[in-house]
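The values are calculated or read from the model by the stated rules, or taken from the named source; none is laboratory data. Quantities reported herein were computed from a predicted structural model and do not represent experimental measurements. Glycine also receives a Cβ, built like all others from the backbone with ideal geometry; neighbour counts cover every protein chain displayed. Accessible surface areas use protein heavy atoms only, side chains included; no ligands, DNA or RNA. Shrake-Rupley method; radii C 1.70, N 1.55, O 1.52, S 1.80 Å.
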Amino acid sequence: MRTAVEKNNRNMYFIAIFNSKIVKYLYLTQKYTMKKLFTLFILIWGFIYLSAQNTYYPQAFFDKKLARDMLGFGNSTIEGVASTKQKNNWGIKPLLGEKHYAPKGTVVMLFPVTPYFQEFYDMRRKYENKKTTVYMSEEAFKYRVEALTDDHGRFKFEKLKPGKYYLETIVNFTATASYQQQTGTSDAYNGYGAYLYSTPIYSTFFYGYSAANRESKFVEIKQDGELKEIKL
């Protein structure tokens, strides 16, 4: 895995080459309008932004035989309901907040918790942010089972073997928010009609917006034939 310094040096090298070619091309043609220059400027900064993104993958060996065996047929079932809550301004889901149930047809994924997957999960919790993304390999991603939610956000996985599983879904929902805006003033006068001061009057406006939250849970089946009821 390249170090952060190596990645940064590599990115800056390609950016420098990219910019030098652009300058040379503009000098030769001298036919660019301001609109084209602006578009080119956006593309350059888009390239710089993408170059600044870091992508990581687990380094553990992915044992596809183990993953296949863990997804073999058994007699156990995991079922439940997928829902989420609107986050507040601090990015926290209020304990008593309104529940938004997963729309019909929402995909719920189930992965066997192999050593590879555990490393992927740990890396994602530790490193993932706006500038860093952690992925599992395409081969590892294939070893999963999917279920669709019904009208009430319910899903079911059947014929599972005893073992540890990880369930994840993205719940899309419509949220509401509000903001205050000054809509007038209240003036105060003394007993002689002389102006004293003004107090701003604010009104609250509400609006709706689309949002999505990742919801996940580890579930362990200890005995064959077990039924696990969960809330995702």
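Miscellaneous remarks
- Working ranking of peptides 201-209, 168-176 by packing, defined as the average number of other Cβ atoms within 10 Å per residue, highest first, is 168-176, 201-209.
- On the basis of the beta-carbon distance and an R0 of 22 Å, Lys217 and Lys104 show a calculated FRET efficiency of 0.60.
- Probe 1.4 Å, accessible area per residue of the stretch 55-183, Å²: 62 Å²
- Net length gained if the chain between Tyr209 and Asp69 were fully extended (0.36 nm per residue, minus Cα distance): 46.1 nm
- In this simple spin-label approximation, Glu226 and Glu79 carry label points 7 Å from Cα along the Cα→Cβ vector, and these lie 1.8 nm apart.
- Over the stretch 70-178: Kirkwood hydrodynamic radius from C-alpha pairwise inverse distances, Å: 15.9 Å
- Per atom type, the stretch 60-144 shows carbon and sulfur on 54% of its accessible surface, probed at 1.4 Å.
- Carbon + sulfur, % of accessible area of the stretch 176-232 - ligands and nucleic acids excluded, 1.4 Å: 47 percent
- Applying 0.36 nm per residue to the separation of Thr174 and Tyr192 and subtracting their alpha-carbon distance, the gain on full extension is 1.1 nm.
- Cross-link table Lys65/Lys93; Lys85/Lys131; Lys99/Lys126; Lys64/Lys93; Lys130/Lys231; Lys142/Lys228, entries beyond 32 Å C-alpha to C-alpha: Lys65/Lys93; Lys64/Lys93
- Working ranking of peptides 182-189, 225-232, 89-96 by packing, defined as the average number of other Cβ atoms within 10 Å per residue, highest first, is 225-232, 182-189, 89-96.
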